[in-house]
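Q: Mind looking over this structure? Questions follow.
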Amino acid sequence: MMPQPDIHLADKCETAAILDTYITLENELKKGLTFYWESATAILKGTGIHLRECKENDFSIEKHFFTALFLYSYFKAGIRPEKRIIYTALNQCLRGMVTGCDNILDNEYKKTLDTDLPEKSYKFRSIIDIMVSDRAVLDILDKGFGETIPRSQLIEASFETLRALSISGIEEAGEENGDIYLLTPDLILSKVHHLKTGILFKCPWAVPDLIDQIDKNISSSIKEGLYNIGMGCQVLDDMADLSLDILMKRHNYLASLIHYGDSPAEKQMLQELTTDEMGSKNLADKIAERFPEALEKSWQTAHAFIERGAKTLFSPEHEFMVDMTIDFLVDRIGVSHLITGRAGRQKS
């Protein structure tokens, strides 16, 4: 499991009003995650699979940073607190489905539900995450809105979650099928990452768009901010996953920059990578010295996307979160060693 970045967000709140907002969102995050956990517990009852008891730090903003970003987006849009909690629980359902699918596709394991299944039964743990999260969507909609919204509309809202996720899923299916061509960097951004991650970061608004009457100018701006943050995260992911993506024949922005870039030496080194070397953990340490020009361009692209998205998402009084978000994501995705000292990233 990747270590959590050593950034405690509450320490960065500069005024009492900002701290109050932080505490409000932290409490709502905990309530939303608890709502999801309770739904999952009820769904698993009688299956012989049990959820482990949650600890206090299981609900921290640091551990659920993306969920907290989506919660903030509802806060900024003026959605009522009780609805924000429900939408947060629904987002955890989406997270369970997306993470479970990614685990299976990428042959890795990132935990959503902490069950008593054998720790190394990664595939079945992922399957349970997907199945439970899928069933929890309608359960949470029923419990959250059942008394005020017709069931037919709630069923339609549950369908909308699948429609929203499917856009990204179709792109993943193409990669799994081997539909890989060496696209230019611009095409990877506009044709692949746009669908794979940019649109995915708008999915948490699929249900609010149906249920809440939010001014479209406001919601569109917020979703555009989330989209850009998602795009930047995917570029950072590509920096972290260069060798893995090449091995698995997946689109990778950094690989494209190297291939189509101005450095014949970097292109040659990419072509000379052997299968054994790409499978070695030591390659990650060599990427920075082998591909400095492409890494610089990749970092500039990621930084620009995340900075633009965060500036759009955060209100002026919370603008201090822009740089913090960039630092947090760099640490979370695990590319600090690739960009230390580069423009916009002066951490040692």
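The values are calculated or read from the model by the stated rules, or taken from the named source; none is laboratory data. Please read all numbers here as calculations on a predicted model, not as lab measurements. Heads up, the Cβs are rebuilt from the backbone with ideal geometry, glycines too, and the neighbour counts pull from every protein chain shown.
Q: Which ones in the range 32-69 are surrounded by 15 or more Cβ atoms within 10 Å (Cβ to Cβ) and in a loop (DSSP other than H, G, I, E, B)? It would help to see each step written out before you state the result.
A: Step one: filter the range 32-69 for residues surrounded by 15 or more Cβ atoms within 10 Å (Cβ to Cβ), giving 32-40, 43-44, 49, 51, 58-62, 64-69.
Within the range 32-69, 49, 60, 61, 62, 64 meet the criteria.
Q: With the condition kept exactly as written, say whether any residue in the range 156-168 is of a type in the set (Phe, Trp, Tyr), surrounded by fewer than 20 Cβ atoms within 10 Å (Cβ to Cβ) and under 20 Å from residue 256 (Cα atoms).
A: The first filter runs over the range 156-168 and keeps only residues of a type in the set (Phe, Trp, Tyr), leaving 159.
Subset that is surrounded by fewer than 20 Cβ atoms within 10 Å (Cβ to Cβ): 159.
After this cut, where a residue has to be under 20 Å from residue 256 (Cα atoms) as well, the list is none.
Looking for residues that are of a type in the set (Phe, Trp, Tyr), surrounded by fewer than 20 Cβ atoms within 10 Å (Cβ to Cβ) and under 20 Å from residue 256 (Cα atoms), one finds none in the range 156-168, hence no.
Q: Is at least one residue of the range 86-94 assigned by TED's automatic domain parsing to the domain that holds residue 46, modelled with pLDDT of 95 or more and of a type in the set (Gly, Ala, Ser)?
A: Just the residues of the range 86-94 that are assigned by TED's automatic domain parsing to the domain that holds residue 46, to begin with: 86-94.
Next, only the ones that are modelled with pLDDT of 95 or more stay: 86-94.
Add one more test, that the residue is of a type in the set (Gly, Ala, Ser), and what stays is 89.
Checking the range 86-94: at least one residue is assigned by TED's automatic domain parsing to the domain that holds residue 46, modelled with pLDDT of 95 or more and of a type in the set (Gly, Ala, Ser).
Q: Follow-up question, since we're still on this one. For the range 77-123, name all the residues that are assigned to a helix (DSSP H, G or I), more than 17 Å from the chain's Cα centre (by Cα) and crowded, with 16+ Cβ neighbours inside 10 Å.
A: Here is the first cut: in the range 77-123, the ones assigned to a helix (DSSP H, G or I) are 77, 81-106, 122-123.
When the remaining residues are screened for being more than 17 Å from the chain's Cα centre (by Cα), the result is 77, 81-86, 122-123.
Result: 77, 83, 84, 85, 86, 122.
Q: Which of (1) in a helix (DSSP H, G or I); (2) more than 29 Å from residue 288 (Cα to Cα); (3) in contact (Cβ under 8 Å) with a residue 24 or more places away in the chain does residue 166 not meet, given it meets every other one?
A: It fails just one condition, (3).
Q: Sticking with this structure for a sec: Suppose we filter the range 132-152 for residues that are within 22 Å of the chain's Cα centre (by Cα) and either of a type in the set (Ser, Thr, Tyr) or not assigned by TED's automatic domain parsing to the domain that holds residue 101 (or both); how many remain?
A: Residues that pass the stated criteria total 1.
Q: Considering only residues that are of a type in the set (Val, Ile, Thr) and in a helix (DSSP H, G or I), which ones fall in the range 124-148? Give the steps one after another, and end with the answer.
A: Looking only at the range 124-148, we keep the residues that are of a type in the set (Val, Ile, Thr), and these are 127-128, 130, 132, 137, 140, 148.
Residues satisfying the conditions are 127, 128, 130, 132, 137, 140.
Q: Which helices (runs of 4 or more DSSP H) sit wholly inside the range 190-277 and have at least 2 residues that are hydrophobic (A, V, I, L, M, F, W, C), in contact with a His (Cβ under 8 Å, 6 or more places away or on another chain) and touching a residue at least 12 places away in the same chain (Cβ under 8 Å)?
A: Details: elements: 206-211, 216-240, 242-247, 253-260, 264-271.
Passing ranges, in order: 216-240.
Residue by residue, here is whether (1) under 21 Å from residue 87 (Cβ atoms); (2) touching an Asp or Glu at 6+ places or on another chain (Cβ under 9 Å); (3) small (Gly, Ala, Ser) holds:
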site: 137; (1), (2), (3): yes, no, no
site: 153; (1), (2), (3): yes, no, no
site: 160; (1), (2), (3): yes, yes, no
site: 187; (1), (2), (3): no, no, no
site: 197; (1), (2), (3): yes, yes, no
site: 205; (1), (2), (3): yes, no, no
site: 233; (1), (2), (3): yes, no, no
site: 243; (1), (2), (3): no, yes, yes
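Residues are listed down the side, and each one gets a yes or a no for (1) over 20 Å from residue 31 (Cα atoms); (2) among the aliphatic types (A, V, I, L, M):
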| position | (1), (2) |
| --- | --- |
| 140 | no, yes |
| 145 | no, no |
| 164 | yes, yes |
| 187 | yes, yes |
